[in-house]
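Participant: To start, I am sharing the structure in question, which I have written as structure tokens.
The values are calculated or read from the model by the stated rules, or taken from the named source; none is laboratory data. Everything numeric in this text was worked out from a predicted model, so none of it was measured. Counting neighbours? That spans all protein chains shown, and the Cβs are built from the backbone with ideal geometry, glycine included.
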Amino acid sequence: MAPPNGTRSGAHLTADDRGLLRWGGLTALAGSAVFVAVLVLVIFHIGSDPAGPEGPISRFPEIRAARTVENGLYLLALLLWAPLSVALHRGLPGARSASARFGSVLNLLGLAVLAAGALPHVVAVHLSDRFHAADATPGERETLVLLWQAAQGLFDAILLAGLLMLSIGVILVGFAMNRGAGFGRLVGGASVGLGTVGLAAATVMLIDPRSPSGGVTVLALIVFHLLAGWKAYRLSGRPSPAAEPLERGTQE
């Protein structure tokens, strides 16, 4: 008998659904681990840029390799997060299907927007090379500093848009988890809370683009993908009712 209101519990998931949840959970955990590595690289190796308008562009040659690794790992983490949204779209089709589907779509859109701005070093290399060229004039350097700031502002805008989408998507998915796919109210409530914290921090950044509050949103998203990824992986291991008689017959 199907569960009430069409909600799937862990025992009523199909083999395909369980496979999606398994791989979505594993990739979400892996992506979060990669994201933590990115944060460690930024904090302990790259650090903050020197003060002044010319600080970031003048220092870039020293950290070019580190920035390249950072951005590559960042893009990898986003790609690893994406399968979880697909898995939740399939695994949360019950009474709150609108929340599950809209939330999953927003998460995928947010990840796509973040991925579009994941490689700023590609632009930075060209600006930095010209800035440090032996024949660059003082006027050219002043213009290049302005171009650097404009490019950074554009990438910050892309980052903020992606963070806002992801935070709203996490809130919607959290509501869906309260009733679907066996995630339970604990994980669902925690997801709603994490999404709300992330959305509030991103809103502060929307009001004051120079605010570092976007880091809070990133941390909230990492915790969400760790929590939801682990729960999805655990849920994927529950056998379906059709498999239970077969397993008992095999044991006999």
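Participant: Please count how many residues of the range 48-80 are in contact with a Gly (Cβ under 8 Å, 6 or more places away or on another chain) and of a type in the set (F, W, Y).
Facilitator: We begin by selecting, within the range 48-80, every residue in contact with a Gly (Cβ under 8 Å, 6 or more places away or on another chain); these are 49, 76-80.
Next, from what is left, pick out any that are of a type in the set (F, W, Y): none.
Looking only at that region, the number is 0.
Participant: Out of the residues in the range 174-186 that are out of contact with any Leu (no Cβ under 6 Å at 6 or more places or on another chain) and part of a helix (DSSP H, G or I), state the one that is modelled with the lowest pLDDT. Step through it out loud before you land on a result.
Facilitator: Pass one, the range 174-186, residues out of contact with any Leu (no Cβ under 6 Å at 6 or more places or on another chain): 174-175, 177-179, 183-186.
Narrowing further to those that are part of a helix (DSSP H, G or I): 174-175, 177, 184-186.
Values: G174: 90, F175: 88, M177: 84, G184: 73, R185: 80, L186: 86.
Step by step, filter the range 174-186, then rank; the result is G184.
Participant: Another question, then. Conditions: (1) out of contact with any Phe, Trp or Tyr (no Cβ under 8 Å at 6 or more places or on another chain); (2) under 21 Å from V216 (Cα atoms). A118 meets all but one. Number of the miss?
Facilitator: (1)
Participant: Shifting gears a bit: Scanning for something under 23 Å from I222 (Cβ atoms) and out of contact with any helix residue (DSSP H, G or I) (no Cβ under 6 Å at 6 or more places or on another chain), does the range 132-142 turn up at least one residue?
Facilitator: The answer is no; no qualifying residue exists.
Participant: I'd like the full set of residues that are part of a loop (DSSP other than H, G, I, E, B), of a type outside the set (A, V, I, L, M, F, W, C) and without any contact (Cβ under 8 Å) to a residue 60 or more places away in the chain, limited to the range 104-159.
Facilitator: Initially, the range 104-159 is screened for residues part of a loop (DSSP other than H, G, I, E, B), giving 117-120, 132-137.
If we keep only those that are of a type outside the set (A, V, I, L, M, F, W, C) as well, we get 117, 120, 132, 135, 137.
Once the filter is applied, which keeps residues that are part of a loop (DSSP other than H, G, I, E, B), of a type outside the set (A, V, I, L, M, F, W, C) and without any contact (Cβ under 8 Å) to a residue 60 or more places away in the chain, the range 104-159 yields G117, P120, D135, T137.
Participant: Next up: Only one of (1) modelled with pLDDT under 95; (2) farther than 22 Å from S128 by Cβ is not met by I46, so which one is it?
Facilitator: All conditions pass for I46, except number (2).
Participant: Can you confirm whether H89 is farther than 29 Å from L41 by Cα and either out of contact with any Leu (no Cβ under 7 Å at 6 or more places or on another chain) or surrounded by fewer than 18 Cβ atoms within 10 Å (Cβ to Cβ) (or both)? Full working, then the answer.
Facilitator: On the way: farther than 29 Å from L41 by Cα: yes; either out of contact with any Leu (no Cβ under 7 Å at 6 or more places or on another chain) or surrounded by fewer than 18 Cβ atoms within 10 Å (Cβ to Cβ) (or both): yes.
The answer is yes for H89.
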